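Please read the structure below before turning to the comments.
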Amino acid sequence: MKKLVANSSKCTGCGACEIACSKAFYKEENREKSAIRVTANDGGYNISVCDQCGDCIWMCSAVALSQAPNGVVRLNKKSCVGCLICVGECLRNFFFYNNDLPTPFKCSACGICAKACPADALSISE
Amino acid sequence: MPENVLKVETEYSDHIPSREEIAAMKAKHRVLATYSYEPSTIERGYNSRSLYISVGGDYDTSEQDPLTSSAKGDNGVVIGEKAVTDLMKDKFTGGKGFDLYHLWKSVKEDTHWNAPENNVVISPGPLAGITQYAGTGKSIVCSISPLTGLPFDSNVGGFFGPFLKFSGFDALELQGKSDEELIIFIDGNAHTISVETAPDESIDSHILCEQLTEMYAENEADKMNISVVASGRAAEHSYIGCLNFSFFDKRRNCVRIKQAGRGGIGAVFRHKKIKAVVARYRGVHGDSNNPVNKKLINDAGVRFHKQMAQLDTKQNNMRKIGTANIIEVMDRYDLLPTHNFQYGAHPETPKISSKVYIEKYVTQNVPDGCWYGCSMSCAKAADNFELRTGAYKGSKVCVDGPEYENAGGLGSNVGCFDPHWILEANFYCDTYGVDTISHGTMTAFAQECYQRGLYNLDDTEGLDMRWGNGYALNELMHQMVAGDGFGVIVGKGVRQQKRIFAERFGKVAPEYEHMLEGQAWQSVEEPIIDKPIPTAHFNKHLVDCEALKDFGYDDEKVLNEIKGTSLENAGANNDSAFIAHPKRWEKIPGIPTISREEIADWPAGKPYYSDDPVCPYTNGRPWVKMTPEQVAEMEEFGMENKGLEYSEYLMKESLAQQGGYALCNKGPQHDEAWLIFMDMVNNQIPTFEDKAEALHYFPMFRTWFGLLGLCKLPWNDVTPVNNKNEAEPHKFPEHVQNYFDIYEGVTGFKHNEASMVRQSERVYTFQRVFILRMGSGMREHDMPPTRSLGPISAREYLSREERYDEQLLEKIGVNPADMSTEKKIEVIMDYRKDQFRQLVDAVYKRRGWTPNGIVKLEKLIELEMDLPELVRIVRPHLKAEGYWPSGTEFAKYDSM
């Protein structure tokens, strides 16, 4: 299964991953539009990112979520009606929404953030 | 976490039409009128215009708001637009408010349900159509009801309301009467409307909705953008017609339907010869409602979605079984109406419990929202359900439900404890277009009349009216479709049944027997009276049911338990709807035919013939009027008020709920107030004033859902973790705040409890004056049938003797030790009737009404609802009752 693997212990909290993600998908440097989030946590950092578990899929009211053969959970933005059930369904808060955007978003395991990470805290696992 | 189901395996190919069939049907359409309109932008929840369609006929429209533009077509069809004014938004809000506003202007004081000017108005409300919060796709439908003769509102899910709104209209009026079968098609993307003849399509909803979805969708993906409003064939011969609102279920690859069940609006729809209204709208997204502040809506939506994800499996299991989760809970609290509201529980309830439905019937792991974004997802369905009776016998179908009310109405209340028959009846009610709740309550009444010997097998033409015969329960509906048989009488509702039974089903008095010219009055033997048939019988399809084992259910044990009790001689275990086959009667020459006007003075017991436009069906036997005693007996247990059948909760032990039902503007439906737990279980509203306050706040709060296009269920069918720490936990303040947030998000207006209640109270008060205008709305009309107040028979009393004896001692202060059961019933019922009287006094006072239930002028002024047309209705009543205010500031209202 393809997914992004985060090693929070290596994270320096620089936020480069967040910037790279929002730039890649929404053409702006805005961590609120990033599908990976870094938060300070007990002197270190915690990285929140989708592990492609698929628990969100069953509740999608527009049948816009599906798991690709490589394991990545994908949102079909054309079918999505922006109900945000998926955001609620992900109890680990790996599914995000932004009020400027018509549809919610999540990590698609593209690896752009991993390339941007200077601390080697992120990698793609196949 | 459930597995990810993207497809449900279904076997519905036999009723999904081929492209060739669809093309042939469409080729038969003749377009009567078309209309093109300009697209609009929704501002603060409103398009600021509504759609008006007359399907033909001659009637007065002079009191209605003018059409701002229109097109006339063939057969008298008119399509046009009306402005939604600031006054409408301010005083009527939307949804039910807009419906009643248009309905008032369409009808006159003497308008009957089947007059062409009667209007079926559908409005989704300003919040309807947002996708981020649960339960936001509701439409509210209003019309003059055939059951009550009064304005009636019924709410419904499905995609039609949001599609209508996104197509550009805040409401849809359907007026007039057509001579030909019609379909109305609203294309919200092309901005066109057409009215077309449709001779070949089915009338039954599960077929028709598939046909029209196939016909109007451009391709497979487009099916999700089609919603159909339809009814069914039973709506044509009954007064309990419902409207089905469809949506396409992509996972099941079939069309689902939700019901505007109550009040018989489907009968109005079919009387107008409208087969269907179809809306198509492609492009729903999170901004379709053009909200002022999307953040408020998104945040509230996600908060709620998370609660559902975290709490539902620990609380109500709405996602697994919907409202049916409470079947066994109601039984446990003695609230599950059983055998026509005689009892509140039954030993066989485990067989129809939610756990059995989950295990055996209802498809799991599928989100069943009836509009996008409903994380409560309670619109469950039983898939691949094979029918045993009727026109679709052998077909595998998708049954919407069972809802709790269906299990109560089609199950326990009619003595049917077989989950299959409840689902079969549920399916046929929906596709034939009848209301499951009224059907259940009116059947239970007919069954009790039969079992009391008020009529016999000749009257039912052999139909088995004992408790629990599933074949017979479904046969009643098949007869409604045919327009022939005893089911046609039953389908007219409890109020009409009482009248029809009283006119036709009396016994011939000895002095008139010679008029029968030697024919035996009763041609078949009665097998029921004094011949007990054990009710419990294990259903073969439940033999391996794990849920029943969990309940410890044992058929033999139940049989022994009920031996000697009133439940023993109840219940049929037949494999046929009929237990006799009497012949239809030839006319007897010596018996006179009289006019309807003469019936009133005709002696009881003397045979006659007459006609009955409400129910032309007769088996040919001469009619005989019942005795006054028999008529009075039926009044005691005929569970209707204002002409509407009671919904499926036993209210005997909750005074507040007795009021919640009987004081309801449209008739006894619990959507104004459900106070049983607050009142009976938790004792949170002990005084009359407490109860009156609850019977003010909750009807207003619940009216608010109907104004805005919201579903009530997400309000309190999941409980926030911190709810118990709130000052007023019964109001679910966190969820109320969510509603205020999404209201502000859509409209920009920040609500609080007072402004919310005021907004509702305007429409609620308007509806009260409206029913007064139509000849109801006074104290006498708010009086319930005696059984709703307590035990009316020894059977009922003795079944809960300990409870009632304790009440005699502790509440009334009399010692039951030396009293006969009859005396105990008399004393306890006198006490309860007095309690109810005091409750009505307190509620009227709290609502600003006179002791006769008339809205005071001061109340209208306070609510800024002192509209001339309302003042003119209440004025003569207030003057007669001595409540017309005298100060000079009121002088202008004298000449309005």
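What whole number of Å gives the distance from the Cα centroid of the range B:643-674 to the Cα centroid of the range B:80-116? Here the answer is 26 Å between Cα centres. Per residue, the convex hull around the alpha carbon atoms of the range B:699-857 comes to 181 Å³. Take the Cα of B:Asn189, step 7 Å toward its Cβ, do the same at A:Ala40, and the gap between the two points is 5.1 nm. Estimated at the nearest 10 Å², the accessible area of B:Trp602 is 40 Å² with a 1.4 Å probe. Residue-wise HN-Hα couplings along the range A:91-99, as the Karplus relation 6.51 cos²θ - 1.76 cosθ + 1.60 with θ = phi - 60° gives them from phi, are 6, 8, 6, 9, 10, 10, 9, 9, 5 Hz; Gly and Pro carry x.
Modelled this way, with points 7 Å down the Cα-to-C-beta line, the labels at A:Arg92 and B:Glu11 are 4.0 nm from one another. Under the criterion of Cα pairs below 8 Å and six or more residues apart, the relative contact order for chain B equals 13 percent.
From the gyration tensor of the Cα coordinates in the range B:409-522, what semi-axes in whole Å does the equivalent ellipsoid have, largest first, with each one equal to sqrt(5λ)? Let's see the in-between values first.
Details: eigenvalues 160, 36, 30 Å².
Listed largest to smallest, the semi-axes of the range B:409-522 are 28, 13, 12 Å.
For A:Cys83, no residue has an amide H sitting under 5 Å from its own, ignoring neighbours fewer than 5 places away on the same chain, with H placed 1.01 Å from N. Taking 17 Å as the straight-line reach from the Cα of A:Lys3, the aspartates and glutamates in range (excluding those fewer than 8 positions away in the same chain) are A:Glu18, A:Asp51, A:Asp55, A:Asp120, A:Glu126.
Pairs to check: A:Lys2/B:Lys250; B:Lys691/B:Lys833; B:Lys91/B:Lys859. Give those whose C-alpha atoms are more than 19 Å from each other in this structure.
Numbers: A:Lys2/B:Lys250 28 Å; B:Lys691/B:Lys833 16 Å; B:Lys91/B:Lys859 14 Å.
Going by Cα-Cα distance, A:Lys2/B:Lys250 fall outside the 19 Å limit.
Considering Cα pairs under 8 angstrom that are at least six residues apart, work out the relative contact order of the range B:436-641 and quote it in whole percent. It would help to have the intermediate numbers written out before the result.
Numbers: 288 pairs, mean separation 66.7, N = 206.
This gives 32 percent for the range B:436-641.
Straight-distance candidates among the aspartates and glutamates for linking to B:Lys666, with alpha-carbon spacing under 13 Å and chain neighbours fewer than 8 residues away dropped: B:Asp153, B:Glu640, B:Glu645, B:Asp782. For B:Met774, the solvent-accessible surface computed with a 1.4 Å probe is close to 30 Å², ligands and nucleic acids excluded.
Sorted largest first, the principal axis extents computed over the alpha-carbon atoms of the range B:13-280 equal 48, 41, 33 Å.
Total lysine pairs in the range B:294-434 at Cα distances under 28 Å, for residues eight or more apart or on different chains: 28.
Residues B:Glu633, B:Glu780 ordered from highest to lowest accessible area at a 1.4 Å probe: B:Glu780, B:Glu633. Report, please, the projected area of the range B:571-617 averaged over directions, based on the convex hull of its C-alpha atoms, in nm². Over all viewing directions, the range B:571-617 projects a mean Cα-hull area of 5.8 nm².
The H on the amide N of B:Cys254, modeled in the peptide plane, is under 5 Å from the matching H of B:Asp249, each at least 5 residues off or on a different chain. For the range B:8-16, 3J(HN,Hα) computed residue by residue from phi via the Karplus equation (6.51, -1.76, 1.60; θ = phi - 60°) reads 9, 6, 10, 10, 10, 4, 6, 10, 9 Hz, glycine and proline entered as x.
Interface residues of the range B:4-23, defined as those losing at least 20 Å² of solvent-accessible heavy-atom surface relative to the isolated chain (probe radius 1.4 Å), are listed as B:Asn4, B:Leu6. Distance between the 7 Å Cα→Cβ label points at B:Asn725 and A:Asp120: 4.6 nm. Per residue, the convex hull around the alpha carbon atoms of the protein assembly as shown comes to 190 Å³. Per residue, the range B:13-280 exposes 28 Å² of accessible surface when a 1.4 Å probe is rolled over the protein heavy atoms with every protein chain present.
Counting only heavy atoms of the protein chains and using a 1.4 Å probe, B:Ser154 has close to 10 Å² of accessible surface. Rolling a 1.4 Å probe over the protein heavy atoms of chain B, with every protein chain left in place, gives an accessible area that is 49 percent carbon and sulfur.
How big is the Kirkwood radius of the range B:319-432, worked out from every pair of different alpha carbons and given in Å to one decimal?
Details: mean 1/r = 0.0705 Å⁻¹.
Mean inverse Cα-Cα distance, inverted, gives 14.2 Å.
Note on B:Ala24 and B:Leu867: with the Förster distance fixed at 51 Å, the Cβ-Cβ geometry gives a FRET efficiency of about 0.50. When all alpha carbon pairs of the range B:436-641 are counted in 10 Å bins from zero, the resulting P(r) reads 8, 31, 34, 17, 7, 3, 0 %. Alpha-carbon geometry of the range B:1-157: the Rg and the Dmax are 19.6, 59 Å, given in that order. Put simply, the convex hull of the Cα atoms in chain B casts, on average, a shadow of 37.0 nm².
Take peptide B:369-382, look around each residue's Cβ out to 10 angstrom, count Cβ atoms belonging to other protein chains, and average those counts.
Mean inter-chain Cβ contacts per residue within 10 Å come to 3.
Hey, if we sort B:Glu513, B:Glu180 by accessible area with the 1.4 Å probe, largest down, what's the order? Spell out each step's value before the answer.
Numbers: B:Glu513 105, B:Glu180 65 Å².
Final ranking, largest accessible area leading: B:Glu513, B:Glu180.
Over the range B:704-785, what relative contact order in percent results from Cα pairs under 8 Å that are six or more residues apart?
On the way: 33 pairs, mean separation 17.0, N = 82.
Result for the range B:704-785 is 21 percent.
Taking B:His478, B:His285, B:His730, B:His439 and ordering them by how much accessible surface each has at a 1.4 Å probe, largest first, produces B:His285, B:His730, B:His478, B:His439. For B:Lys563, no aspartates and glutamates have a Cα falling under 12 Å of its own Cα, not counting residues fewer than eight places away in the same chain. Taking the chain by itself as reference, the range A:47-80 contains these residues with an accessible-area loss of 30 Å² or more in the full protein complex (1.4 Å probe, heavy atoms): A:Asp55, A:Ile57, A:Trp58, A:Met59, A:Ser61, A:Val63.
List the residue ranges in chain B for DSSP H helices whose C-alpha atoms run 27 angstrom or more along the long axis and whose Kyte-Doolittle average is -1.0 or above. The partial results should precede the final answer.
Values: long enough: B:688-708 (30 Å, 0.05); B:753-773 (30 Å, -0.26); B:821-847 (38 Å, -1.09).
Membrane-span-like by this criterion, though nothing is claimed about a membrane: B:688-708, B:753-773.
The values are calculated or read from the model by the stated rules, or taken from the named source; none is laboratory data. Since the model is a prediction, treat every value here as computed from it, not as a measurement. All Cβ positions, even for glycine, are placed from backbone atoms using ideal geometry, and neighbour counts span all protein chains on display. Each accessible area value is taken on the protein alone, full model and side chains, heavy atoms only, with ligands, DNA and RNA left out. Shrake-Rupley method; radii C 1.70, N 1.55, O 1.52, S 1.80 Å.
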